[in-house]
Amino acid sequence: MGGYDKKKKEGGMEMELSLSIASFPLDAETAGEMERLIDGEPDECRTLLHNELWQKPFAKGFAVLAYTDSGELVGCAAAGDLVGLHHYEWSAFVSPDYRRLGLATALADGVRHSLEQRGAESVLAAFTEHSASDSWLEGLGYHRSFQELQFEADPLPAYELGEGVEVAVYEEKHLDVLANLLRAAFDESVLPVLEHNLEDPERHVYLMRHEGKLVATATLSSEDQALWVTALAVSPDAQRSGHGQAFLKWARQWAHQKKMARVLVEVETDNVARPVYEKAGFTKLSTISYWQPAVQ
């Protein structure tokens, strides 16, 4: 991509800023620079920048990095192909001292250029809900597509599943019945997500059975001492039976056994199952807005 130059007066001297792009997996030095840049920021900042992908050997994505002429990292954006199908999510962060220089827009331009080079089929920008970032994204030609609520709960020291209910790790022989449950709970578009979750060695798919029948599933993964619960689905003919709430409480106990610090989930704002998470002991942490460019 073309270089980006911007001058800032600081102490009577002009400082030049420049951008570079690094593909995942990032080298340890670059990842360390990014960690230091966002040190002290809310945990969701790290999550939105896909820090769990930065050094994964099989990760697909890239970072756009903004440096001063002295080599200090002052801003970054990161985009990840989360399910390996050329569907990217990206976010950005700029050091507070550099937020009035147009640097965030330059990072977004770098993201756009690199996505074009990679043949991205769709793009989502993910940012914590905030009036300033909302206005900025609208100025870039993005529109809000949907929002998700991030919920948090403490690990649970003890929890017993109901009689006849068990949770076990997925085995290949369960593929067909698991795929059928997910189709029924969502639609065909969830199957690539399932495939990705099964291929990623750091994601673990669990199944809940009631008297031998598959009634629910969820995927667990860990990040920065937090347990993420994703792809939670309850079979339509087993809903309103408490299985979703039970699965979430079981996950909280699993986190306690693994000495995790907290449990996190994301729920779309219009998800009718939202009260299930609250009844399972989760409280709202933040609202994440997902934005699409006007033309994809």
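The values are calculated or read from the model by the stated rules, or taken from the named source; none is laboratory data. Here the structure is a predicted model, which is why all the values come from computation and not from measurement. Heads up, the Cβs are rebuilt from the backbone with ideal geometry, glycines too, and the neighbour counts pull from every protein chain shown. Protein only, heavy atoms only, side chains kept; ligands, DNA and RNA dropped before computing areas. Shrake-Rupley method; radii C 1.70, N 1.55, O 1.52, S 1.80 Å.
Taking a probe of 1.4 Å, how large is the accessible area per residue of the chain, in Å²?
Values: 14900 Å² over 296 residues.
With the other protein chains kept in place, the chain gives 50 Å² per residue.
For region 177-296, the fraction of 1.4 Å probe accessible surface lying on carbon and sulfur atoms is 47 percent. Net charge dipole, the chain: roughly 440 debye, given to the nearest 20, about the Cα centre with Cβ charges of +1 for Lys and Arg and -1 for Asp and Glu. Residue-normalised convex hull volume from the C-alpha trace of region 103-171: 213 Å³ per residue. Here is the list for region 68-140: GluC sites (Glu not before Pro) lying in DSSP coil, each with at most 15 other C-beta atoms within 10 angstrom of its C-beta, are GLU72, GLU121, GLU129. Rounded to the nearest 500, the 222 nm mean residue ellipticity of the chain from helices alone is -8000 deg cm²/dmol, with -39,500 (n - 2.57) taken per DSSP H run of at least 4 residues.
For the chain, what are the per-bin percents of Cα-Cα distances with bins 10 Å wide, up to the bin holding the maximum? Going out from 0 Å in 10 Å bins, the chain shows 6, 25, 32, 21, 11, 3, 1, 0 percent. What distance in nm separates the two pseudo spin-label positions at GLU172 and THR128, each 7 Å out from Cα along the beta-carbon direction? Using points 7 Å along Cα→Cβ, the separation is 4.4 nm. Loop-located trypsin sites (Lys or Arg not before Pro) across region 111-158 with a Cβ neighbour count of 12 or fewer within 10 Å are lacking, with loop assigned by DSSP.
In the elastic network of the chain, a GNM with C-alpha springs shorter than 10 Å, the most mobile of ASP200, ASP176, ASP224 is ASP176. Quick one: which residues, 5+ away or cross-chain, put their amide H under 5 Å from the amide H of LEU124? H built at 1.01 Å from N. Placed amide hydrogens put TYR88, GLU89, TRP90 under 5 Å from LEU124. Helix 175-185 and the longest principal axis of the C-alpha atoms of the chain enclose an angle of approximately 80°. Projecting the Cα atoms of TRP250, GLY281, SER135 onto the dipole axis of the chain, where Lys and Arg carry +1 and Asp and Glu carry -1 at the beta carbon, places GLY281 farthest toward the positive end. Of the residues ALA28, ALA168, ALA153, the one whose Cα sits farthest toward the positive end of the charge dipole of the chain, with +1 on the Cβ of Lys and Arg and -1 on the Cβ of Asp and Glu, is ALA153. Between TRP254, TRP54, TRP136, the residue with the greatest mean-square fluctuation in the GNM of the chain (Cα pairs under 10 Å linked by springs) is TRP136.
Taking only the C-alpha atoms of region 188-241, Rg followed by Dmax gives 12.4, 36 Å.
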